[in-house]
Amino acid sequence: MPDALPTEIDLTRPSAARVYDYFLGGAHNFEVDRQLAEQIASMTPNLAATMRSGREFLRRAVRVLLDAGIDQFLDIGSGIPTVGNVHEVAQAANPKARVVYVDIDPVAVAHSRELLAGNDLTGVIHADLREPERILTETRRLGLIDFSRPMGILLAGVVHFVPDPDGPEEILSTLRAAAAPGSFLVISHSTFEDQPQEMLDAQRLSARTATEITLRSRAQVTGFFGDWTVLEPGVVHMPLWRPDSPADVDEHPERFGAFGGVARYDQPAG
Ligand SMILES: C[S@@+](CC[C@H](N)C(=O)[O-])C[C@H]1O[C@@H](n2cnc3c(N)ncnc32)[C@H](O)[C@@H]1O
């Protein structure tokens, strides 16, 4: 934990970011988070694997964006820094790559700030995805991302924390509208499709955190890309999205419980 923990953290309630950190083998979690994580793990081993699989999907997607020339990333719902963060993957390929991290969780934000101190090409914003205008305003204020150039918007494992009444479609549409042609959008999102009952029950435990999960269909997740061009192989169970090697793909890729996809904003014709 950083020396100065933010004062607004609630230690009586597990946090999605810290449960996720525990599943990924991190040290930035409290007893209340570990208890929930262990309860989830006892119900289904899949969820921990899902979280690791999600992280791997994100890294593969970022590499594809880097290969396409993207050198600036807005990573919303970035989480508690773990090994192989977006800026590490990006700056290993392009030392000039810029990354702005955004998270609602004060612990995630505090750790990110601590880790990134001295890295002038990265920034951290404490904000809620449900306030996309504020995220955009604060990102512009940081001055790291040039909105007139293509960027990568990363929404890995976060849109499912936005319930339907909060208008996830409008949020996505606001973010897409801020991006220049040639930009990319990366989404991974938990689903109920093809899931065994124990996975659905385990996901329901997220109601104990401040951020309950809404599971969605492949069609709903695809809709979040709007009219952008969804890259091959489409919106698929995460391990199936451009695996590094066929051997990396589990016999049952659906058991990871989430879809992943990447889309590009192609300049409208005419
Ligand atoms: C499952 S973690 C994903 C972390 C990282 N993107 C990854 O894929 O490895 C989800 C993160 O989203 C954050 N989060 C949840 N709801 C959010 C919201 N409304 N706005 C911003 N971040 C949110 C949580 O705090 C958590 O850090």
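The dipole here belongs to segment 64-128: it is taken about the Cα centre, uses +1 on the Cβ of Lys and Arg and -1 on the Cβ of Asp and Glu, and is about 140 debye.
Taking 0.36 nm per residue of separation and subtracting the current Cα-Cα distance, fully stretching the chain between ALA180 and GLU198 would add 2.3 nm.
Multiply the residue gap between ALA269 and ARG63 by 0.36 nm, knock off their C-alpha separation, and tell me the result in nm, one decimal place.
Gain on extension, ALA269 to ARG63, equals 71.4 nm.
Taking every DSSP beta bridge that has both ends in the chain, the antiparallel portion is near 40%. Taking GluC sites (Glu not before Pro) as exposed when their DSSP state is a loop state and no more than 13 other Cβ atoms lie within 10 Å, the longest site-free interval of the chain runs over 9-250. Sorting MET51, MET151 by solvent-accessible area of protein heavy atoms yields MET51, MET151, largest first, with a 1.4 Å probe. Magnitude of the charge dipole for segment 34-96, about its Cα centre and with charges confined to Cβ atoms of Lys, Arg (+1) and Asp, Glu (-1), is about 100 debye.
Taken about its Cα centre, the chain carries a charge dipole of about 480 debye when Lys and Arg each add +1 at the Cβ and Asp and Glu each add -1 at the Cβ. For the pair ALA117 and ALA41 in one chain, pulling the backbone fully straight at 0.36 nm per residue adds 24.0 nm over the alpha carbon distance. Solvent-accessible area per residue in the chain equals 44 Å², computed with a 1.4 angstrom probe and all protein chains kept.
Candidates ILE153, MET199, GLY234 compared by Cα position along the dipole of segment 119-270: farthest toward the positive end lies ILE153, with charges placed on Cβ.
The values are calculated or read from the model by the stated rules, or taken from the named source; none is laboratory data. None of the values given here were measured: they were computed from a predicted structure. Positions of Cβ are generated from backbone atoms using ideal geometry, with glycine treated the same way; all protein chains shown enter the neighbour counts. For the accessible areas, the whole protein counts, side chains as well, though only heavy atoms, and no ligand, DNA or RNA atoms are used. Shrake-Rupley method; radii C 1.70, N 1.55, O 1.52, S 1.80 Å.
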